[in-house]
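Chemist: Below: one structure in structure tokens.
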Amino acid sequence: MGIQRHLVFTSLCLAIVSLRLSDAALSDEPTFRAGAATSNITPPIGSDQTVGASKRQATHVHDELNARCLVLDDGQSKLALVVCDLRHISAEVVAGAKQIIERSTGIPPQCVLVSATHTHTSTGAKLEDDGEQPYYDYRAFLTRRIADGVLRAVNQLQPARIGWDVAEEPTQVFNRRWFLMPSRGPIYGAHDNIEQVDTNPGYSGLLRPAGPVDPQITFLSVQSTAGKPIALLASYGLHYVGGVPANTISADYFAMFADRMGELLGADRHQDPPFVGIMANGTSGDVNNLARYSDEELEKRGPQPKKRYQPFGKAREVAYLCADKVMQVHKSLEWHDHVKLSSLQRTLTFKRRYPTKEEVEWAEAVKAKKIKPMSTSRYSTYSTVLAYNSPEMPPTIDVVVQTHRIGDLAVAAMPFEVFAEIGLELKQRSPIQPLMNISIANGSHGYLPTPEQHRLGGYETWIGVNKVQLDASVKMVDNLVEMLGELSAKGR
Ligand SMILES: [Zn+2]
């Protein structure tokens with residue numbers, strides 16, 4: 001509709017500004033702008049204690065870790081979306097970065113989302129717990145670098161158009177919690193209790209997965225008014241891929257997806273400013289990339305060829321598959337010259353997790369050396385149980401949740417490793433469609449199973465790796481749906 005006229009001006013600095021004179025522009029509709037930047041957050045070699053499962057120091061950097069920042073501006077308000085190549089991100093670092101961002105750009109904290117991808121070959125796993133340890137000020141460095149990234153994205157704001165859609169890649173996500181065949185015998189939990197499901201239970205004797213997966217890749221794309229790609233932000237519910245050599249820092253498949261998207265969108269490596277690809281973690285608390293099938297399914301499939309991968313080969317395969325799926329949908333993307341932005345943030349106060357009477361009795365008996373624990377779990381030991389039983393531990397945990405509206409796309413941000421079924425429920429109940437879920441956002445407070453999954457047991461439900469009251473997911477989802485309702489009621 002309407003006649004589109006493009007007037008092209010060349011400014012003194014030779015930047016080309018394309019101004020669209022549409023009905024909207026004539027009626028004072030402000031210009032929609034977007035800017036993106038990456039900010040390097042790689043820790044120094046040797047100083048990180050938490051690279052990979054080995055918990056040894058990094059001796060090599062395969063690819064840099066970045067805070068990938070996208071800022072949108074509808075002429076009235078701005079929204080900053082930041083995804084960091086980190087395993088976790090602490091609420092304190094996020095709050096610190098937001099303070100600097102507000103000072104330097106005026107963007108208020110509720111309009112800034114900072115999340116971690118959950119790459120396991122990074123630092124950050126202990127940021128929350130090790131406040132006392134000398135961290136060679138990685139926290140301070142990280143805080144500033146995140147804020148710098150947002151400021152740089154603001155500096156690079158340019159007139160833009162935006163589109164969003166949903167692709168699917170169902171072949172790379174597997175629920176990692178399983179009911180086992182009776183032949184596997186009882187499943188022992190961390191405190192020598194018997195549980196109904198096992199996490200990462202090997203590859204045979206499997207009955208059925210304990211939960212679903214979310215195959216969707218929800219994405220938004222911004223390009224300049226001349227059609228040059230500025231950024232693409234996607235979200236997929238996959239823990240990480242791995243296949244990284246020991247003691248090596250890498251941003252995993254998330255960064256490979258980001259690079260590949262640039263290639264597929266035809267971004268020039270030398271374009272100025274550079275294209276920024278971003279892959280956030282969706283709801284992947286119980287989902288990983290290890291292909292597991294029930295015994296029944298294996299029988300049907302017959303013997304499977306065992307694929308061998310070079311280091312990083314698997315991550316690249318997953319990244320490229322996801323990028324291809326996004327690109328197929330991207331070809332017919334509907335572009336919007338202007339959308340409205342709105343954001344809501346709430347701080348939810350949860351009771352912290354308390355151990356059961358049985359767990360305390362078990363932990364005290366282990367401590368007194370009256371029993372020797374069968375379990376060798378290093379994730380929820382007797383000392384974890386006793387620490388959570390101590391009156392010295394604060395009784396509540398405050399967590400920040402956010403919802404953002406970008407035209408008819410909604411974003412929900414949650415500071416946990418959220419189970420897939422929680423994300424699916426949110427998507428189903430959201431009055432704004434589609435919904436992009438981003439977890440490990442604005443903080444990192446452990447796994448978030450549903451009350452039903454807590455009853456089944458398994459690693460993610462253990463005290464210590466789960467920190468909040470057992471029905472926290474119900475309260476969080478209800479709050480987020482209410483917030484999405486408020487954003488929806490505001491209209492476009
Ligand atoms: Zn995890």
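The values are calculated or read from the model by the stated rules, or taken from the named source; none is laboratory data. Because the structure is predicted, anything quoted here is derived from the model rather than measured. So basically every Cβ, Gly included, is an ideal-geometry build from the backbone, and we count neighbours across all protein chains shown. All accessible areas refer to the heavy atoms of the entire protein, side chains included, with ligands and DNA or RNA removed. Shrake-Rupley method; radii C 1.70, N 1.55, O 1.52, S 1.80 Å.
Chemist: Among (1) open to solvent by less than 20 Å² (accessible area, probe 1.4 Å); (2) in contact with a helix residue (DSSP H, G or I) (Cβ under 6 Å, 6 or more places away or on another chain); (3) farther than 21 Å from residue 409 by Cβ; (4) assigned to a loop (DSSP other than H, G, I, E, B), where does residue 239 come up short?
Modeler: Going through (1) open to solvent by less than 20 Å² (accessible area, probe 1.4 Å); (2) in contact with a helix residue (DSSP H, G or I) (Cβ under 6 Å, 6 or more places away or on another chain); (3) farther than 21 Å from residue 409 by Cβ; (4) assigned to a loop (DSSP other than H, G, I, E, B) one by one, residue 239 breaks only (2).
Chemist: Still on this structure, please answer the following. I'm told residue 427 meets every condition in (1) closer than 30 Å to residue 146 by Cα; (2) out of contact with any Leu (no Cβ under 6 Å at 6 or more places or on another chain) except one. Can you identify the failing condition by its number?
Modeler: With (1) closer than 30 Å to residue 146 by Cα; (2) out of contact with any Leu (no Cβ under 6 Å at 6 or more places or on another chain) applied to residue 427, the lone miss is (2).
Chemist: Can I ask one more? For segment 440-454, how many residues meet the condition of being within 12 Å of the ligand (Cβ to nearest atom) and either assigned to a helix (DSSP H, G or I) or surrounded by fewer than 24 Cβ atoms within 10 Å (Cβ to Cβ) (or both)?
Modeler: Count: 2.
Chemist: Check whether at least one residue in segment 391-404 is more than 17 Å from the chain's Cα centre (by Cα), open to solvent by 40 Å² or more (accessible area, probe 1.4 Å) and within 30 Å of residue 178 (Cβ to Cβ), and report yes or no. Write out each step before concluding.
Modeler: Going residue by residue through segment 391-404, those that are more than 17 Å from the chain's Cα centre (by Cα) are 391-398.
Now narrow it down to the ones that are open to solvent by 40 Å² or more (accessible area, probe 1.4 Å): 391-396, 398.
Retained after the next criterion (residues that are within 30 Å of residue 178 (Cβ to Cβ)): none.
No; the residues of segment 391-404 include none that is more than 17 Å from the chain's Cα centre (by Cα), open to solvent by 40 Å² or more (accessible area, probe 1.4 Å) and within 30 Å of residue 178 (Cβ to Cβ).
Chemist: When you go through 47, 27 one by one, which is the residue that is outside the structural domain of residue 442 (by TED's automatic domain parsing) and at pLDDT below 90?
Modeler: Values: 47 fails: outside the structural domain of residue 442 (by TED's automatic domain parsing).
Criteria check complete, one pass: 27.
Chemist: Of the residues in segment 285-311, how many are open to solvent by 20 Å² or more (accessible area, probe 1.4 Å) and either outside any loop (DSSP other than H, G, I, E, B) or not small (Gly, Ala, Ser) (or both)?
Modeler: Residues meeting the conditions: 18.
Chemist: Could you grab me the full set of residues in segment 105-121 that are away from the ligand (no atom under 16 Å from the Cβ), part of a loop (DSSP other than H, G, I, E, B) and open to solvent by less than 30 Å² (accessible area, probe 1.4 Å)?
Modeler: 107, the sole residue that qualifies.
Chemist: Identify the single condition in (1) more than 21 Å from the chain's Cα centre (by Cα); (2) over 22 Å from residue 230 (Cβ atoms) that residue 288 does not satisfy, given that it satisfies every other one.
Modeler: For residue 288, the failing item is (1).
Chemist: For the condition more than 30 Å from residue 220 (Cβ to Cβ) and at pLDDT below 95, what is the one hit in 394, 355, 451, 373?
Modeler: Only one candidate passes the filter, namely 373.
Chemist: Now for a separate question. Give segment 232-247 a look and list any residue that's under 16 Å from the mean Cα position of the chain (by Cα), within 16 Å of the ligand (Cβ to nearest atom) and of a type in the set (A, V, I, L, M), or say none.
Modeler: Of everything in segment 232-247, those that are under 16 Å from the mean Cα position of the chain (by Cα), within 16 Å of the ligand (Cβ to nearest atom) and of a type in the set (A, V, I, L, M) turn out to be 238, 241.
Chemist: Being out of contact with any His (no Cβ under 6 Å at 6 or more places or on another chain), more than 15 Å from the ligand (Cβ to nearest atom) and assigned to a strand (DSSP E or B), is that true of even one residue in segment 411-421?
Modeler: For segment 411-421, residues out of contact with any His (no Cβ under 6 Å at 6 or more places or on another chain), more than 15 Å from the ligand (Cβ to nearest atom) and assigned to a strand (DSSP E or B): present.
Chemist: Looking at (1) within 16 Å of the ligand (Cβ to nearest atom); (2) more than 30 Å from residue 107 (Cβ to Cβ); (3) crowded, with 23+ Cβ neighbours inside 10 Å, which is the one condition that is false for residue 379?
Modeler: (3)
Chemist: Report those strands (runs of 3 or more DSSP E) wholly inside segment 133-229 carrying at least 3 residues which are crowded, with 20+ Cβ neighbours inside 10 Å.
Modeler: 158-168, 177-180, 216-224
Chemist: Check whether at least one residue in segment 305-313 is away from the ligand (no atom under 16 Å from the Cβ) and among the hydrophobic types (A, V, I, L, M, F, W, C), and report yes or no.
Modeler: yes
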